[in-house]
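Chemist: Please read through the structure below; I'll follow up with questions.
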Amino acid sequence: MTDTAEAPISFRSGLRFGPQVAARVPDSWVDEPYTRFEVIPKSPTIGAEIVGVDLTALDDETFADIHRALLEWKVLFFRDAGLDPESHAALGARWGELEFHPFLTNAPDRPTAVRFEKNDAVGGYENVWHSDVSWRAVPSLGSLLRAVEVPAAGGDTLWADMGAAYDCLPDDVKQRIDGMQAVHDWIDTFGALMTEEQREATRRDFPPSVHPVVRTHPETGRKTLYVNAIFTTELVGLDPAEGDVLLEYLCRQADYPEYQCRWSWTPGDLAIWDNRATQHYATSDYHPQRRVMERITVIGDHPF
């Protein structure tokens, strides 16, 4: 096989090889320099480390630049961010109303902080590509994850740029999914540990949600692929057999390393990501070591 700059070559069930080069931002994006901090990209399209900013004392102009960087890079990383639980929540609230998660363990006395505490008795089960709370009628705008305690090795988190994943779909697939909708549900994940009575009672508050397969980012206008392996259960209007094959193919687009970045945690680090534009995957390779993380999630908008 020779090197080529041609479009990716399809083979075997839609897998592709060859260059997969996506734009970092939509054509309408206007590049402006960042003068209040340094931006260190982690990949060509997704992920940037931010250096030289105090997250506990942000003026409005600096916060606006951080938000602009979030829209551009989709996930931002801050080494040793210097946040405690209160300043962590206060920072999240700069983006909007904070979410209470009905199924995950909340930190003591902090109902909007989800605490992921793993140890020799509790393993990590977040190692599937997903977008936080896509099963809600109004899913998340973004999440802020703070490292409290991390293993000596392992426990990295990966993010996938779902705008890049959409851009690199074959044209015939883009045409096929244009205007298509999908059902998002928690029943096969969080509901798996409930009794039938508990599921029925919870269903009244959290029925399945229907979202576009391709959503338009409300701030950048970019099209992003909005299905994920654990919360998207079916494609509306398709025969189940046909729909399952297409849904699996679409979910697998997050698997390509060309659309990904990866972060190795140290205590005190903070990651902020845009759930409207990304999926993420927490590697579960550190058991039985301890890994303790706390997450604040910001309520978003109705996908369109």
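The values are calculated or read from the model by the stated rules, or taken from the named source; none is laboratory data. Note that the coordinates shown come from a computational prediction; the quantities given were computed from them, not determined experimentally. Cβ sites come from the backbone with ideal geometry, for glycine too, and all protein chains shown count toward neighbours. Accessible surface is based on the protein model in full, side chains and every heavy atom, while ligands, DNA and RNA are left aside. Shrake-Rupley method; radii C 1.70, N 1.55, O 1.52, S 1.80 Å.
Chemist: Can you list the HN-Hα couplings for region 226-237, worked out from phi with the Karplus curve (6.51, -1.76, 1.60; θ = phi - 60°), rounded to whole Hz and with x for Gly and Pro?
Modeler: Each residue's phi maps through the Karplus curve to give 10, 9, 8, 5, 9, 10, 8, 9, 6, 9, 5, x Hz.
Chemist: Of the peptides 51-59, 126-134, 214-222, 157-165, how do they stack up when ordered by the mean number of other Cβ atoms within 10 Å, highest first?
Modeler: Values: 51-59: 13.2, 126-134: 21.3, 214-222: 17.8, 157-165: 27.0.
Peptide ranking by packing, descending: 157-165, 126-134, 214-222, 51-59.
Chemist: Go through region 136-149 residue by residue and turn each phi into a ³J(HN,Hα) via Karplus (6.51, -1.76, 1.60, θ = phi - 60°); whole Hz please, and just put x for glycine and proline.
Modeler: Using θ = phi - 60°, the values come out as 7, 4, 10, x, 6, 6, x, 10, 10, 10, 10, 7, 8, 9 Hz.
Chemist: Also, I was wondering about something else. Given a cut-off of under 8 Å on Cα pairs at least six residues apart, what relative contact order in percent is computed for the chain?
Modeler: Values: 594 pairs, mean separation 98.8, N = 304.
Relative contact order for the chain comes out at 33 percent.
Chemist: Given axes a ≥ b ≥ c from the Cα gyration tensor, I'd like to know whether region 53-204 is rounded (a/c under 1.5), prolate (a/b larger than b/c) or oblate. Don't skip to the end; give the middle numbers.
Modeler: Values: a/c = 1.60, a/b = 1.10, b/c = 1.46.
It comes out oblate by the Cα gyration axes.
Chemist: Can you show me the helix-derived [θ] at 222 nm for the chain, built from DSSP H runs with n ≥ 4 at -39,500 (n - 2.57) apiece and divided by the number of residues, rounded to the nearest 500.
Modeler: Working: 6 runs with 58 residues, N = 304.
Using -39500 (n - 2.57) per qualifying helix, the result is -5500 deg cm²/dmol.
Chemist: Ok, one more. For the chain, with the dipole built from +1 on Lys and Arg beta-carbon atoms and -1 on Asp and Glu ones, taken about the Cα centre, which of LEU193, SER28, VAL236 lies farthest toward the positive end?
Modeler: Going by the Cα projections, it comes out as LEU193.
Chemist: Taking all pairs of different Cα atoms in the chain, averaging 1/r and flipping that mean, what Kirkwood radius in angstroms comes out?
Modeler: Values: mean 1/r = 0.0495 Å⁻¹.
Over the chain, the inverse of the mean reciprocal pair distance is 20.2 Å.
Chemist: Further, regarding this structure: What does the extension gain come out to for GLN20 and ARG262, with contour length at 0.36 nm per residue minus their alpha carbon separation? Mind showing how you got there, number by number?
Modeler: Working: separation 242, 0.36 × 242 = 87.12 nm, distance 1.82 nm.
Extending this stretch completely gives an extra 85.3 nm.
Chemist: By the scheme Lys and Arg +1, Asp and Glu -1, what is the net charge of all other residues having a beta-carbon under 9 Å from that of PRO139? Numbers along the way, then the final one.
Modeler: On the way: positive: ARG136, ARG276; negative: ASP132, ASP301.
That sum, taken over residues with Cβ under 9 Å, equals 0.
Chemist: Another question, then. May I ask you to order 292-304, 29-41 by the average number of other C-beta atoms within 10 Å around their residues, highest value first?
Modeler: Numbers: 292-304: 19.2, 29-41: 12.0.
Going from most to least packed, we get 292-304, 29-41.
Chemist: A follow-up question, please. Just how large is the dipole of the chain about the Cα centre, in debye to the nearest 20, putting +1 at every Lys and Arg Cβ and -1 at every Asp and Glu Cβ? Walk me through the intermediate numbers first.
Modeler: Working: 28 positive and 49 negative charges, 49 e Å.
The dipole of the chain has a size of about 240 debye.
Chemist: Report the label-to-label distance for ASP188 and ASP301 in nanometres (one decimal), using points 7 Å from each Cα along the Cα→Cβ vector.
Modeler: 3.0 nm
Chemist: If you stretched the chain out fully between ASP84 and ASP171, how much longer would it get, using 0.36 nm times the residue separation minus the C-alpha to C-alpha distance?
Modeler: Details: separation 87, 0.36 × 87 = 31.32 nm, distance 4.69 nm.
This chain segment gains 26.6 nm when fully extended.
Chemist: Whose amide H sits under 5 Å from the amide H of ALA107, counting only residues 5 or more places off or on another chain, with H placed in the peptide plane?
Modeler: Amide H neighbours of ALA107, under 5 Å, 5+ apart: ALA113, VAL114, ARG115.
Chemist: Starting from the Cα-Cα distance between THR195 and THR35, subtract it from 0.36 nm times their residue separation and give me the gain in nm to one decimal. Intermediate results must be reported in sequence, preceding the final value.
Modeler: Numbers: separation 160, 0.36 × 160 = 57.60 nm, distance 5.43 nm.
Residue separation times 0.36 nm, minus the Cα-Cα distance, leaves 52.2 nm.
Chemist: According to a simple spin-label model (label point 7 Å from Cα along Cα-to-Cβ), what is the distance in nm between VAL292 and ASP27?
Modeler: Result for the modelled spin labels: 5.1 nm.
Chemist: Specify the inter-centroid distance of region 137-156 and region 172-237, based on alpha-carbon positions, in whole Å.
Modeler: Between the Cα centre of region 137-156 and that of region 172-237, the gap is 21 Å.
Chemist: State in Å² the accessible area per residue of region 167-206; use a 1.4 Å probe, count heavy atoms of protein chains only, and round to the nearest integer. Kindly include the intermediate steps, with their values, before the conclusion.
Modeler: Numbers: 2520 Å² over 40 residues.
Normalised by residue count, the accessible surface of region 167-206 is 63 Å².
Chemist: I need the phi-derived Karplus couplings for region 192-198: 6.51 cos²θ - 1.76 cosθ + 1.60, θ = phi - 60°, integer Hz, Gly and Pro marked x.
Modeler: 5, 9, 9, 6, 4, 5, 5
Chemist: If you don't mind, there's one more thing I want to ask. Not counting ligands, DNA or RNA, and with a 1.4 Å probe, what is SER143's accessible surface area in Å² rounded to the nearest 10?
Modeler: For SER143, the solvent-accessible surface is approximately 0 Å².
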